[in-house]
């Protein structure tokens, strides 16, 4: 079978589109046929292994989607921890080729591991390539992706999921990675991005994959550098670069205009991931001249959905996970009441403008079954008529309400904040925390009531910030890599929380309470 | 080399390249075809220049020589670009660009007279003197040809391109390089050896295109084009021949005129006729050879399908015809089974219908064809979203079969089979002619395969039991007779199997469940025996097995493993569906030499197993025979009876114990027994059935012996778990009673006395008339007695209240007709409430 590179060389563009992006042509019924068939394969594999028997029950082998949802319980990572964290390969539905790692904030262990079988990697690669093709396309069937494109790959290497794609992709197409994958593995996240952009300065860049927040930061730094005295270290390696450089010179020195990265590079496609990507899209387009395509995925779930050239939302891949959705209110109820078992909907049952917690069952021999990912998505519409996509269009909203994810860098839980406040030795009576947006950028806002009113807001903020950096290194990266201050503190007078409780009859929830509740709390002060 | 041939070689070369250019330009355009076309154009310019140069046509030899040099200079770099496209190399663009720039410089040098300073033709022999850039050009040309060679060899070495596909191009290239090197020798350089080698190279490339289609050129060369080309070649040859002969005559005679020319032309036409026929023959051989073979294959296959009705022979012939016609490496045939599944069908092995390689109706490939689509390629399966739902295992199977194309076998709209072909043996792509042959064969085969399958099906049904899919009684006797008559085995054993208490099972669970049980037993037996063992359903609940080549203790071991397999398969079942088998086995020839004798003895052994308590395996021996002859049936039954009587007493004692344990008023079971008997009698049951109901009443709660006393004695409402435990007493009752043959008849009543008329009862949730009548009687009287009795958790109701409650629940919990009868009985004073 020909790989992508061979197809590109033979200019088989229609076939390439059909192979990788053909899923955009199917309708919801066809989507469900694929979902059901692959679920049956997965049930078959699960029924033969220890993990499957543990999750589904011994001898349980559902034969329909209904039976599967009726008999198999919803799960969380705790249900898999003993098998997966011990890398018990014999207990799995299929032999893993890679163990992908992520942090487990608020979990019983520091990390989570997810096994990836050969078939899963194939599907993951196919989905990733589809997203790359879509990132370089302006309309259906037309795309600019080519072999040997210069690829600025600003994501974490293996064993993180973002590091898996280059290994799968190398069998399909050659890219010139900036820096090379082997070299990148020995560099820190910060160094990798820095070296990558230095190389891009001399060689140019066609593709970018990374955190949207990083791309904005680089854009901002570039503008600062261009305005300031420091010159960009540009090297002329080809005629194209020379013409660009002349244009930049005219813009800067004659027209006296600010130079943006887009003046220097013609990026074919930008692929972005991470929470809050939607808030950064406009800035990225401003700096880089190209609207990024958002890709949604995760360690346990692989690549779940991708944005298309249409930009009206993300479309789920039909062959990566079996998808179920818990309506947001049921999801919230289940967080409050642990004994409550929420019912799920299928993709052909979700409604526009509604939010849902995602539940997946991994296909192709994956480990996770009816797994509560902890992500909230919103169904934007049931199709995209203008672009002839007849599948639900969704948006990744955020993590579920008890986790605060900041720009894809960190996941702050109740225990993270408790720990930081604890070691800060501040005399805090009560606190709540929530995620808010300032100038379209996410911040962590902590409202606190202190027993000692002598403390100044700025002092408290500095102390809390320092201790959050101590307990959460990812939080620290926000400042060191993005140069942002993500913390806001509001000090409330003594008794504010009590007043609020008396008024409402119950305590305000600690993590991400509603905006109305926060307003009410502030009014109580 | 004669002057004539010096003109002829470039002319032939020119004609060959022109033909190739026509083909290439008429094909699909892509990078490779375009770069190949460039190379061919360069060669056309070269050969044209070379040809005209030697004819002394104006403006003069030196002009045509420079035209020739344009082709000569362009060729190496164009060929290099062609090899880069062919091998999909993208890392040598620098060398390519340098090639074009330097070619440009050389072209300028050419017209500046730096390559050939002077050229003239004398007696058709070409003479020339070289300029200072000539040697540079020669080295440069050879350099680029070597680069092309290295590029191809490098790609072959790294397995990026198969050697077989480029070998002719490599041979051609070597010739071109040698031809080019010969130019460096002035004595040979005046002859067009380089152009001759290039012509051969062009032919090699054309052949590669034809054979391997690596250029994806539509090489379904139309007959018209082929004949046009050959006519062009022939005309060229004819003109050259006339021209040559005319010159020879002119040299010999010193003059020529129109008459001699015409005579000569006629003579040549006659002489050339065999050459024309020969060329036509070879064109047919090259381009239409397949067609000739295909006609032969079709004729042979037609003869076969008219004479064969055997599925194996037919499919063998079908696949053989495809092998001959298309020469695939592998070929696989899937045929539709009775269950609408498509199994891989292999005639070469015993298990023809492969159970591991099965396509169900929802398989995407099956769905694709069922939706009226035609052929499918592996590339389409990989590309189209329709096949996204393929299982990884299914993809692997397709890869294992080296799948290249998949063809449906259809009759009208019905898909009766699927044919999977791998790549051709030589690695070539299937031609349109081959596909046409395949479709013709498939269409012809479809109806005969279906007929053969129907015939096989009829044969199969005639010897198979419809329910268990085992052989039937008649076929068992046929096979046994044949084995004995033909003395197929020196020794063998016959086992007779009877399902224990199967009538009771049917009564309890219904005939549908009984059928399912028989199906399951058949499967278990099949699994527990060897492939060579012959298994048949002998009668209703009887099975028979022929075990070839074993006897004595080995045959006992064989039947014991069968018995154990059946026992454990039903034992592991969570419901109380008890099923066991009794087996007797006898050996040939030691226990009998005729079918009747040996069957009778196996049957006798089986009866011994039955009478020894069932669920046993017995090997026939003389001792058993003695047992039967001495102890007649009556005596045996007497012995059984005394054993059962002892059990019976014990059971009644147990029932009384339960009454005490359950804290019921002493005698609940007796009351239920007496009320139930009265109700059953009034409902019109025969006296024998009334006895059954009476006994069932006594024993209905016997299973409570297995329920913890704290649950039985609980004064508050039972929790969900406790209630679930309590419900188990019905199953426990059955487990106890099933071991006492004379009490087996009460099991249906006991098993169903907690079922409700509306189907909401337990253990099975059956409803209405599906609940045995005896059970429906017990249900009413059990509830009635419970209501009028003090229980640990409540006081007794009055009889009137209990009657009112019965009425209230009539039609939901209780059978309305029986409830009415019971209430009438009470009113008539037939029910004595203590």
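Every number here is computed from the coordinates shown, using simple stated rules; none is lab data. On a predicted model such as this, the values are computed, not experimentally measured, just so you know. Cβ coordinates were reconstructed from backbone atoms using ideal geometry, including for glycine residues, and neighbour counts include every protein chain displayed.
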Could you give the C-alpha radius of gyration of segment A:124-293 expressed as a fraction of 2.2 N^0.38 Å, taking N as the number of residues it contains? 1.02
Would you kindly state how much longer the chain becomes between residue A:122 and residue A:457 on full extension, computed as 0.36 nm times their sequence separation minus their alpha carbon distance, in nm to one decimal? 115.4 nm
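Under the rule a/c < 1.5 gives rounded, and otherwise a/b versus b/c splits prolate from oblate, where does segment B:641-827 land using the Cα gyration tensor?
In terms of gyration-tensor shape, rounded.
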For residue A:351 paired with residue B:95, estimate the spin-label separation in nm (one decimal), with each label point 7 Å from Cα along the Cα-to-Cβ line. 6.7
P(r) histogram, all alpha-carbon pairs of segment B:444-534 included - 5 Å bins from 0, percent: 3, 10, 15, 17, 17, 14, 11, 7, 4, 1, 0
Other protein chain Cβ atoms within 10 Å, averaged over every residue that makes up A:9-15: 4
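Classify the protein assembly as shown as rounded, prolate or oblate, taking a ≥ b ≥ c as the square roots of the eigenvalues of its Cα gyration tensor: rounded when a/c is under 1.5, otherwise prolate if a/b is larger than b/c and oblate if not.
Here the protein assembly as shown falls in the oblate category.
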Just checking the output field for B:376-386: average partner chain Cβ neighbours within 10 Å of each residue's Cβ? 5
Over chain A, what is the mean sequence separation of C-alpha contacts under 8 Å (at least six apart), divided by residue count, expressed as relative contact order in percent? 14
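Take the Cβ-Cβ distance between residue A:419 and residue A:517 as r, set R0 to 22 Å, and report the resulting FRET efficiency rounded to the nearest 0.05.
0.35
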Percent breakdown of C-alpha pair distances by 5 Å bin, ordered from the shortest bin, for segment B:45-180: 2, 10, 18, 19, 17, 13, 9, 6, 4, 1, 0
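Would you order B:363, B:700 from fewest to most other beta-carbon atoms within 10 Å of each residue's own beta-carbon?
B:363, B:700
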Which order do the peptides A:323-334, B:580-591 come out in when sorted by mean C-beta neighbours inside 10 angstrom, highest first? B:580-591, A:323-334
Taking the Cβ-Cβ separation of residue B:393 and residue A:256 as r and a Förster radius of 51 Å, what is the calculated FRET efficiency to the nearest 0.05? 0.20
Over all residues in B:389-400, what is the mean tally of Cβ atoms on other chains that come within 10 Å of each residue's Cβ? 4
What whole-number distance in Å separates the alpha-carbon centres of segment B:304-349 and segment A:374-410? 52
Just check segment B:311-460 against the gyration tensor rule for me: Cα atoms, a ≥ b ≥ c as the square roots of the eigenvalues, rounded for a/c under 1.5, and otherwise prolate or oblate depending on whether a/b exceeds b/c. rounded
Stokes-Einstein diffusion coefficient of segment A:1-120, Kirkwood radius over Cα pairs, 25 °C, 0.890 mPa s, in µm²/s: 143
Quick one: Cα centre-to-centre distance for segment B:700-742 and segment B:408-466, in angstrom? 60
Intensity falloff of segment A:404-523 expressed as log10 I(q)/I(0), Debye formula with alpha-carbon point scatterers, at q = 0.15, 0.17, 0.23 Å⁻¹: -0.66, -0.85, -1.45
Can you tell me how much longer the chain between residue B:716 and residue B:820 gets when fully stretched, taken as 0.36 nm per residue apart minus their C-alpha distance, in nm with one decimal? 34.2 nm
Just to be sure I understand the model, the point goes 7 Å from the Cα along the line to the Cβ. What's the resulting residue B:329 to residue B:767 distance in nm? 6.1
In Å and on Cα atoms, what radius of gyration and Dmax does segment A:459-525 show? 15.0, 43
Distance (nanometres) between label positions extended 7 Å along Cα→Cβ at residue B:451 and residue A:243: 7.2
List the extent of the Cα atoms of segment A:54-105 along each of their three principal axes, largest first, rounded to whole Å. 33, 26, 16
Please work out the Kirkwood hydrodynamic radius for segment B:732-826, using every pair of different C-alpha atoms, and report it in angstroms with one decimal place. 14.0
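Compute the FRET efficiency between residue A:402 and residue B:793 as 1/(1 + (r/R0)^6), taking r as their Cβ-Cβ distance and R0 = 45 Å, and round to the nearest 0.05.
0.50
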Rounded to the nearest Å, what's the spacing between the alpha carbon centres of segment A:31-87 and segment A:138-183? Just the number, please. 32
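How do the peptides B:429-441, B:37-49 rank, highest first, by the average count of neighbouring beta carbon atoms within 10 Å per residue?
Working: B:429-441: 17.5, B:37-49: 23.0.
By packing density, highest mean first, the sequence is B:37-49, B:429-441.
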How large is the translational diffusion coefficient of segment B:473-630 in µm² per second when you combine the Kirkwood radius over alpha carbon pairs with Stokes-Einstein at 10 °C and 1.306 mPa s? 101
Values of log10 I(q)/I(0), in the order q = 0.10, 0.13 Å⁻¹, for chain A under a Debye, Cα-only, solvent-free model: -0.87, -1.38
